[in-house]
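Contents: one structure, followed by commentary.
The values are calculated or read from the model by the stated rules, or taken from the named source; none is laboratory data. This one's a predicted model, so the numbers in the text were calculated from it and none came from an experiment. Every residue, glycine among them, receives a Cβ derived from its backbone with ideal geometry; neighbour counts consider all protein chains shown.
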Amino acid sequence: MIIAVGGWLGNKTRIRSLVSPTPVSDGVFGEQLTEQLIRYGGIPLLIFSEWWLAKEKFSVIDSFILSSFPGATFHGCNGLSVKYQIPYGEDSSLADIFGHIERNRDQLGIAEYSISQSTLETIFNHFAANQ
């Protein structure tokens, strides 16, 4: 039944991540929904709706970031916060990145965001890990 709901909502693939026999990384919330589905045979509508809407919003933001900043990589999410790494490019200053996100934030439904450069410690740790 839940796969049919995914079809009605236009995304069976998203639902399949919940019912897959092999674990699919969908964050802690997705794992909890899968556990609830297995244990109780269903998911309360309010909880399912919150998960679905969060995934819809993330999908739009993910597409925007990946198409706007080639080479950007997703580094995880926590609730409705997402983290990306955008590669350094001579043609993309912090001001350019801020400007692009600011021009599109209302359309994307972004309430708050921050952008920062890597610290020397982060760069050193990355370099040391790759030796």
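Brief remarks follow.
- For Ser59, the stated conditions hold: it is within 24 Å of Leu18 (Cα to Cα), out of contact with any Asp or Glu (no Cβ under 7 Å at 6 or more places or on another chain) and of a type in the set (Gly, Ala, Ser).
- One residue stands out in region 82-102 among those that are closer than 29 Å to Trp51 by Cβ and of a type in the set (D, E, K, R): the one that is modelled with the highest pLDDT, namely Glu102.
- Boolean, Ser118 is assigned to a helix (DSSP H, G or I), small (Gly, Ala, Ser) and surrounded by 10 or more Cβ atoms within 10 Å (Cβ to Cβ): no
- Residue satisfying condition, being without any contact (Cβ under 8 Å) to a residue 40 or more places away in the chain and either under 26 Å from Lys12 (Cα atoms) or aromatic (Phe, Trp, Tyr) (or both), within set Leu66, Leu120: Leu66
- Of everything listed in (1) farther than 19 Å from Gln117 by Cβ; (2) more than 19 Å from the chain's Cα centre (by Cα); (3) not in a loop (DSSP other than H, G, I, E, B), the single unmet condition for Ile43 is (3).
- Single residue of region 46-81 satisfying the filter (modelled with pLDDT under 85 and in a loop (DSSP other than H, G, I, E, B)) that is surrounded by the fewest Cβ atoms within 10 Å (Cβ to Cβ): Gly79
- Of the criteria (1) surrounded by 15 or more Cβ atoms within 10 Å (Cβ to Cβ); (2) in contact (Cβ under 8 Å) with a residue 24 or more places away in the chain; (3) more than 10 Å from the chain's Cα centre (by Cα), which one Ser92 fails: (2)
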